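See below for the structure under consideration.
Derivation of every value follows stated rules applied to the coordinates shown; laboratory data play no part. Everything quoted here is computed from the prediction, not taken from an experiment. Note: ideal-geometry Cβ built from the backbone for every residue, glycine included; neighbour counts use all protein chains shown.
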Amino acid sequence: MCTYVTETLEIDGSAKGQAGWFKVTDASVYFDHPVHAPQAHTLNIDLRAPELGPAARVAMELSPLAARDLAHAILKIMESVPAELIEGDEA
Amino acid sequence: MYDTILAETITITGANGDAIEAYSARPLDSAPRGGVVVIHHMPGYDRATKEITRRFAELGLNAVCPNLYSREAPGADPDDAAATARANGGVPDGRLVGDVDGAATYLRSLQNSNGKVGTIGYCSGGRQSFLAAASLPIQAAVVCYGAFIIGTPPEGFPLKVTSLEPMIGQLSCPVLGLFGADDTFPPPADVEYLGNAIEKAGKVKEFHIYEGAGHAFFATDRPSYRPEAANDGWAKIAAFYGAHLS
């Protein structure tokens, strides 16, 4: 099925794509059919810079297990980071 | 038998008079024939959809697939264009109708056109095939596992789609619907409801729900491919267009 389930959010950071590094401003997170991964459904992440055009995108298609592991690893790292190292983060 | 086919990227006039990209595949035989507007799925104007477009030409029909993401992402790779369109909430219904209208006008302008045009769409394109048939003078519409023809997406979905139920009475042609019993978007209960609603409106429908198949069973490049359902589905499509576009 096409789940259509999509979260979109503004982000601040950089990513490396086909043409090298660029500043990313938007992200889409969705669970739907992948383009390349050999599963019926994957957790897909697009880091995007719409101002630079559609090709300014770093894409990921992760198995559900890999997506959860990655999310946990990110949160584990972020929770262990001393507050004084986190600059300009209002969260 | 003369079976030469010409497949090429062209420019057609879409909604609001916009020039949009499209993929045309047509037999060069001069005998009159119908045409099909192929509406691509949400992942975009991709190789698989172009293969489908060429298959219609091989079946003897003129076919054209408009790139529904031409405006957001001109010249972009299909997956990048689809990502942009998804983030923007999909294709607005009014624009889709205008683009399909432009594609139908192109087909009817071909020298070997008999004036009849059908639509076919997969996934989100299935809903759009139905939308086009309820908005434009079309002779045959095929819906392949289109979700949200009735009902609306759950809260929080970024898709800007509304129920087409109020438009059922405006259908201009018979509808062939091909669905998977294991699909959840749309679930078989919604398919049954839609079929009943079409008949109640005095319109013609032919629905088939394939056991052992889910969503995207026609997609040969995905694990959802179900050869038995797909082969039978292609036969049903050929017969349906044969009956209504000849």
**Prompt:** What number, rounded to the nearest 500 deg cm²/dmol, is the helix-based mean residue ellipticity at 222 nm of chain B, given -39500 (n - 2.57) per DSSP H run of at least four residues and division by all its residues?
**Reply:** -10500 deg cm²/dmol
**Prompt:** Taking neighbour counts of Cβ atoms within 10 Å as a proxy for exposure, in what order, fewest first, do A:Ile45, B:Ile237 appear?
**Reply:** A:Ile45, B:Ile237
**chain B - share of DSSP beta bridges that are antiparallel (%, nearest 5)** = 35
**Asked** Under 28 Å Cα-Cα from B:Lys203, which lysines qualify once same-chain neighbours fewer than 8 residues away are excluded?
**Response** B:Lys116, B:Lys160, B:Lys236
**Message:** Can you report the principal axis dimensions of region A:5-85 using only the alpha carbons, biggest first, rounded to whole angstrom?
**Reply:** 40, 32, 22
**Asked** Can you give the average number of partner chain beta-carbon atoms within 10 Å of each beta-carbon in peptide B:67-77, as a whole number?
**Response** 2
**Message:** Which of A:Ser80, B:Ser124 has the fewest other C-beta atoms within 10 Å, and how do the rest follow up to the most?
**Reply:** A:Ser80, B:Ser124
**Message:** Of the candidates A:Leu65, A:Leu47, A:Leu75, which one comes out as most mobile in a Gaussian network treatment of chain A with C-alpha springs shorter than 10 Å?
**Reply:** A:Leu75
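In percent, what relative contact order does chain A have, based on Cα pairs under 8 Å that are 6 or more apart in sequence?
20
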**Prompt:** Is there a simple number for the mean count of other chain Cβ atoms within 10 Å of the Cβ of residues in A:5-12, and what is it?
**Reply:** 3
**Request:** For chain A, with a Gaussian network of springs between Cα atoms less than 10 Å apart, report the residue from A:Pro50, A:Pro34, A:Pro64 with the top mean-square fluctuation.
**Result:** A:Pro50
**Request:** Would you mind estimating how fast the protein assembly as shown diffuses translationally, via Stokes-Einstein at 20 °C and 1.002 mPa s with the Kirkwood radius over Cα pairs, in µm²/s?
**Result:** 102
**Request:** Summarise the partner chain shielding of B:79-92 as one whole number: the mean count of Cβ atoms from other chains within 10 Å of each residue's Cβ.
**Result:** 5
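In debye to the nearest 20, how big a dipole does chain A give about its Cα centre with +1 on each Lys and Arg Cβ and -1 on each Asp and Glu Cβ?
440
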**Prompt:** Looking at region B:5-244, what % of the alpha carbon pairs are farther apart than 25 Å?
**Reply:** 36
**Message:** I want the local charge near B:Pro32. Using Cβ-Cβ distances under 12 Å, sum +1 for each Lys or Arg and -1 for each Asp or Glu among the other residues.
**Reply:** +2
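Normalised by the residues of chain B, what does the relative contact order come to in percent, with Cα pairs under 8 Å and at least six apart?
The normalised contact order for chain B reaches 16 percent.
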**Message:** Charges on Cβ only, +1 for Lys and Arg, -1 for Asp and Glu, centred on the Cα centroid of region B:5-244; of B:Tyr225, B:Pro188, B:Ser113, which one is farthest towards the dipole's positive end?
**Reply:** B:Ser113
